[in-house]
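The values are calculated or read from the model by the stated rules, or taken from the named source; none is laboratory data. Every value quoted in this text rests on a predicted model; they were computed, and no experiment measured them. Neighbour counts run over all protein chains shown; Cβ positions are idealised from the backbone, glycine included.
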Amino acid sequence: MDDETAAYAELYCLSNFSFRRGASHPGELMTRAAELGYTALAVTDECSVAGVVRAHMAARETGLALIVGSEFVLEDGTTLVVLAPDRRAYGQLCALISLARSLAPKGAYRLGRAELAGALPDCLAILWVTPALTEETAAWFAGCFPGRGWLGVGALRDGSDAERLRVSARLSAATGVPRLACGGVLMHRRGRRALQDTLTAIRLGRPLAELGTALAGNGERHLRSRRELARLFPRPLLEEGVRVAARCRFSLTELRYEYPDELTGEYATPGERLRALVEAGLADHWKDGVPGEVRRQVEHELSVIAGMGYEPYFLTVHDVVEFARRRGILCQGRGSAANSVVCYCLGITAVNPTRQQLLFERFISPERGEPPDIDVDFEHERREEVIQYIYRRYGRERAALAATVITYRPRSALRDVGRALGLGQDQLERLAGAMQWWDGGTIGDERVREAGLDPESPVVHRLIVLARELLGFPRHLSQHVGGFVISRGPLAELVPTENAAMAGRSVIQWDKDDLEALGLLKVDCLSLGMLTAIRRCFELVARHHGRSLGLGDIPEGDPAVYDMIGRADTVGVFQVESRAQMAMLPRMRPQTFYDLVVEISIVRPGPIQGDMVHPYLRRREGLEPVDYPSEAVREVLERTYGVPIFQEQVMQLAVVAAGFTPGEADGLRRSMAAWRRKGGLGPFRERLVEGMRERGYDVDFAERVFQQILGFGEYGFPESHAASFALLVYVSAWLKHHYPAAFTAALLNSQPMGFYGPAQLVRDAREHGVGVRPVDVAVSEAACTLEPSPDDGPALRLGLSLVRGLSAGGIEQLLTARRGCAFDDVTDLARRASLERRDLKALAAAGALAGLAGHRRRARWAVLGVEPELPVLRGTAIEEPAPALAPPGEGETLVADYASTGVSLGRHPLALLRPHLARRRFRTAAALREVGHGRLVRGAGLVITRQRPGSAGGVTFLTLEDETGVVNVVVWQATAERFRRAVVGGRLLGVIGTWERRGEVMHLVAGRIEDHSRLLGRLVTRSRDFA
């Protein structure tokens, strides 16, 4: 082999998972190395294997050999690269990374020679040579890795290459450690050098202009051509690297995940225990005998589960759910697990799949050969109890949360790059503030101009180029919302673990996509605020109405509840309180549980983009005939009027009409989910169309089905998931209808959650006849509570926790002091509760001292007069006349209410501004509801929600509130761009546009938008914004 074609394996390469060091994605490095004809590439991120799964996936596409390794910088400054030649070595490497990470705070590690001793008996190692490397260090290295160590020599063209060669030759001769060539690569191409320098500045927290020699002297630490490497290195060093690479045969495909098997109890095997639990569940659900079709389905599921060895997984999830139920924590499984009768019998899910015509293969498919995914929602405020139970049950050495890779987005990229370039903080905040969630993750020149900067100026242009390049780069690892990985043996031998930011938690270095790519199981313990609210509501109903309720105790099919839902009277109701859902409800008018399942699913990108919504509604209303090309298709689509709404229906169509097996149909479903990013639906189209044609279906019908599949794209909604959520829709709607005071109190006590803030929830409750009483130190508890009322039903008392600036400790001290006897005055309160002055000021600002001091001005005066009690005057009352302070006006009270609690029991702010708005001819929401279709109108209100769904083609939806109700505003993309500043930041907007109505569905299509926020003065209002 001549010099121009010398073989080369790069054994020292960092990706961008060496955060703020590497300047290329793992896939970019693998692809470039393959293009250059390398023999192999080692991805050796610093004390991490976080990027190797991505590299592994790229290696499978390119055919290039991937070597798994890691770089370590020891406490004495020595740099080592450790490679895993086989599975045992890989486990040792992961264990060492875990140890090093455990010895330091999150994001750091600590490793010295002592920790290395005997830790890596099967690993290969490279000692990175610097001109200052000593013989003592080389001798220690030789002893630590006998016959498994090499001196790594770099050629960086920094003036020290010859010295590195001389030092390495001398140390090799002295210690017997051979040499090899490696690059210390930080980027796949030289063109990333500017970004790599910027990352260095970000990492060091200093501007580029101040870094000097801390920056690389050139751009040589990239993947170079073999011809260039042959000129830089002696041939023996290149050949040695190739020989070392040949010894590294480990692949991530060798990882075998064994789930814990200690939950068998008195049974001989996990399978026997699982069957016993399922049989108990069958007996409980079907007390009059198990129907034959259910029995056949259970046997089928148990056979598949046993064949794939997943019994321990199901037992583990069952154990977690049972713990939650023993502790009174509401929980419910959802997602594809609701397709399983086994999950239903185990109590993991509450949906009977035999009643919903769900599809088990959507959950587990032997043909797919991938693990199931069971998602269980727990109360969001009590999920930590479940998480800590898992840690106690299995130990932190066997259980950890999956990671979430936090990546650079426009705002974070602009801030970090801007600091590196030395821009001022005020400029960076203006620039970051111009980037909005709806900009699709891009940095546009127009947004930069909006911030008052010129995108053509040299510095700003450089900032934009570098920030755009940085988008999507990993920034750090965080913890997944609840995805647990639990292993039979030490987890650290499978994947490294590290400390999470939250005390008492550990995370692995792979995210959910990495786990899925390798076929590793996880248990998703997720949080859901509505479950917290429902449990709190149950407690209030039991305490004040004497009725004990659980999720299974809610009466089914209540017509009054469905009528309420059909009127879109759903503020606070789970899943159907958004603007889009409220617009759909009067058209759908759900009357059954299955209607709710469809309602949840139809207002989704998949059905919308697949043009399924309008045909469904027309057929439901009897305006369009429903036809089926066969009885088999009728069985699949009849419940949705011939329109495929759910992923399961698409899968069933493929089975009954095109001859797919259930497993092949699930392959179609998975391809649907990824085709926009990766393509790959072509073969399925041919199979689908040809299969239907062979079975006598019209080609047009087959093509129409395929086009609907394309419309689903990655957004198709599973019926199983919708059915699980529909249960909570109905339960929350039932509670709202029958116990509105308790329901509102529970929602307030579970904030933040949902589309609406406390002000809107309180307003809605009052509109439903609930009396609401203010925060009062004499009677309020920490949470919102119910009190007896002469009216029909209890009144809602606002809680102390709503008071902004009032500390949790202050609330506890106040309640403890109040248990003895009532407070005489503000001074008595301050002294008995030992409240700090800031807590007293917060209470005064919120009007919570009215019973002790009068209006807010007097309360503030009283707080100012509170002084520490002198021992000589203890117990002596000093009477002072109250000052003649005029009470605050209505406007001042409103401002104080919103500033202190976000809730006012007085008039709506726009009632005070109505004369001003009327002069501008803005109608109230109530007046607009009387206007006919197509009229040009003017409306105004406080912005309470902004929403720009990815499926809406750039349309923004605003909800404006005034003293008479709300107005839904539709803002087309061109209009939103024209009035962007008002749409993004306005708090009080005036909208001129066309009024559209269809029955009870009404909205204002904006033509012009005016920002009148200045009229609010010091009034602080907040909107809830959603993508």
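The residues of region 537-549 that are crowded, with 18+ Cβ neighbours inside 10 Å and in contact with a strand residue (DSSP E or B) (Cβ under 9 Å, 6 or more places away or on another chain), listed by number, are LEU540, HIS544. Being in contact with a Ser or Thr (Cβ under 7 Å, 6 or more places away or on another chain), of a type in the set (A, V, I, L, M) and either more than 22 Å from PHE145 (Cα to Cα) or not assigned by TED's automatic domain parsing to the domain that holds ARG249 (or both) narrows it down to one residue among ALA58, ALA108; which is it? Going through ALA58, ALA108 in turn, just one is in contact with a Ser or Thr (Cβ under 7 Å, 6 or more places away or on another chain), of a type in the set (A, V, I, L, M) and either more than 22 Å from PHE145 (Cα to Cα) or not assigned by TED's automatic domain parsing to the domain that holds ARG249 (or both): ALA58. Within region 373-393, the set of residues being over 16 Å from the mean Cα position of the chain (by Cα) and basic (Lys, Arg) comprises ARG382, ARG392, ARG393. Among the residues making up region 326-342, those that are under 25 Å from the mean Cα position of the chain (by Cα) and not β-branched (Val, Ile, Thr) are LEU330, CYS331, GLN332, GLY333, ARG334, GLY335, SER336, ALA337, ALA338, ASN339. Say we look at region 270-293 and pick out the residues that are of a type in the set (D, E, K, R) and exposed (fewer than 11 other Cβ atoms within 10 Å of the Cβ); which of these is farthest from LEU315 (Cα to Cα)? The selected residue is ASP288. Only one entry of LEU551, LEU540, LEU526 meets the criterion of being in contact with an Asp or Glu (Cβ under 6 Å, 6 or more places away or on another chain), of a type in the set (A, V, I, L, M) and under 26 Å from PHE574 (Cβ atoms), and that entry is LEU526. Being farther than 16 Å from PHE755 by Cα and part of a helix (DSSP H, G or I) is a description that does not apply to ALA580.
I'd like the full set of residues that are hydroxyl-bearing (Ser, Thr, Tyr) and crowded, with 18+ Cβ neighbours inside 10 Å, limited to region 972-1020.
THR975
Residues are listed down the side, and each one gets a yes or a no for (1) touching a strand residue (DSSP E or B) at 6+ places or on another chain (Cβ under 7 Å); (2) at positive phi; (3) outside the structural domain of LEU414 (by TED's automatic domain parsing):
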| site | (1), (2), (3) |
| --- | --- |
| GLY176 | no, yes, yes |
| LEU195 | no, no, yes |
| ARG203 | no, no, yes |
| ALA209 | no, no, yes |
| LEU223 | yes, no, yes |
| GLU228 | no, no, yes |
| VAL244 | yes, no, yes |
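Looking at the structure I just gave you, is GLU379 of a type in the set (D, E, K, R) and in contact with a helix residue (DSSP H, G or I) (Cβ under 7 Å, 6 or more places away or on another chain)? Yes; evaluated as a whole, the condition is true for this residue.
One residue stands out in region 895-940 among those that are in a loop (DSSP other than H, G, I, E, B) and without any contact (Cβ under 8 Å) to a residue 60 or more places away in the chain: the one that is surrounded by the most Cβ atoms within 10 Å (Cβ to Cβ), namely THR924. Taken over region 42-73, the residue count meeting the criterion of being assigned to a loop (DSSP other than H, G, I, E, B), more than 16 Å from VAL185 (Cβ to Cβ) and free of Cβ contacts under 8 Å to residues at least 40 places away in the same chain is 1. Mind checking which residues of region 782-816 are part of a loop (DSSP other than H, G, I, E, B), surrounded by fewer than 16 Cβ atoms within 10 Å (Cβ to Cβ) and not hydroxyl-bearing (Ser, Thr, Tyr)? Within region 782-816, PRO788, PRO790, ASP791, ASP792, ARG804, GLY805 meet the criteria.
Count of region 453-507 residues, restricted to those that are assigned to a loop (DSSP other than H, G, I, E, B) and either touching a Gly at 6+ places or on another chain (Cβ under 7 Å) or touching a residue at least 24 places away in the same chain (Cβ under 8 Å) (or both), is 15. Report yes if SER732 is crowded, with 22+ Cβ neighbours inside 10 Å and farther than 21 Å from GLU963 by Cα, otherwise no. Yes. Can you pull out the residues in region 233-284 that are among the hydroxyl-bearing types (Ser, Thr, Tyr) and either touching a Ser or Thr at 6+ places or on another chain (Cβ under 8 Å) or farther than 30 Å from CYS13 by Cα (or both)? Answer for region 233-284, where residues must be among the hydroxyl-bearing types (Ser, Thr, Tyr) and either touching a Ser or Thr at 6+ places or on another chain (Cβ under 8 Å) or farther than 30 Å from CYS13 by Cα (or both): TYR257, TYR259, THR264, TYR267, THR269.
For the residues GLY954, GLY990, the requirement of being touching a residue at least 12 places away in the same chain (Cβ under 8 Å), at positive phi and touching a Lys or Arg at 6+ places or on another chain (Cβ under 9 Å) singles out GLY954. Considering region 637-667, the residues that are in a loop (DSSP other than H, G, I, E, B) and under 37 Å from the mean Cα position of the chain (by Cα) include one that is surrounded by the fewest Cβ atoms within 10 Å (Cβ to Cβ), namely THR661. Residues being touching a residue at least 24 places away in the same chain (Cβ under 8 Å), within 30 Å of GLY891 (Cα to Cα) and part of a strand (DSSP E or B) are entirely absent from region 972-986. Name the pairs: first residue in region 741-755 and assigned by TED's automatic domain parsing to the domain that holds LEU796, second residue modelled with pLDDT under 90 and surrounded by fewer than 24 Cβ atoms within 10 Å (Cβ to Cβ), Cβ to Cβ under 8 Å, at least 6 apart or on different chains? Qualifying pairs under 8 Å: none. Evaluation of GLY552 against the conditions (1) within 32 Å of the chain's Cα centre (by Cα); (2) surrounded by 21 or more Cβ atoms within 10 Å (Cβ to Cβ); (3) outside any loop (DSSP other than H, G, I, E, B) shows that the sole unmet condition is (2). Restricted to region 84-99, and to residues there that are surrounded by fewer than 22 Cβ atoms within 10 Å (Cβ to Cβ) and of a type outside the set (Lys, Arg), the residue that is farthest from PHE72 (Cα to Cα) is ASP86.
In region 506-538, of all residues being among the polar types (S, T, N, Q) and closer than 20 Å to SER98 by Cα, the one that is modelled with the highest pLDDT corresponds to GLN509. Look at (1) touching a residue at least 40 places away in the same chain (Cβ under 8 Å); (2) of a type outside the set (D, E, K, R); (3) surrounded by 21 or more Cβ atoms within 10 Å (Cβ to Cβ); (4) outside any helix (DSSP H, G or I) and you find that PRO105 fails only one, number (3).
For region 157-208, how many residues are under 37 Å from the mean Cα position of the chain (by Cα) and not hydroxyl-bearing (Ser, Thr, Tyr)?
Pass one, region 157-208, residues under 37 Å from the mean Cα position of the chain (by Cα): 184-208.
Next cut, not hydroxyl-bearing (Ser, Thr, Tyr) only: 184-197, 199, 201-208.
So the count comes out to 23.
Using the structure shown, decide if HIS300 is touching a residue at least 24 places away in the same chain (Cβ under 8 Å) and closer than 20 Å to ALA350 by Cβ. Spelling it out, it is not the case that HIS300 is touching a residue at least 24 places away in the same chain (Cβ under 8 Å) and closer than 20 Å to ALA350 by Cβ.
Scanning region 613-636 for residues that are surrounded by fewer than 20 Cβ atoms within 10 Å (Cβ to Cβ) and in a helix (DSSP H, G or I) gives VAL613, HIS614, PRO615, LEU617, ARG618, ARG619, ARG620, GLU631, ALA632, ARG634, GLU635. If you go through region 556-579 and pick out every residue that is surrounded by fewer than 17 Cβ atoms within 10 Å (Cβ to Cβ) and either of a type in the set (Ser, Thr, Tyr) or farther than 17 Å from PHE725 by Cα (or both), you end up with 5.
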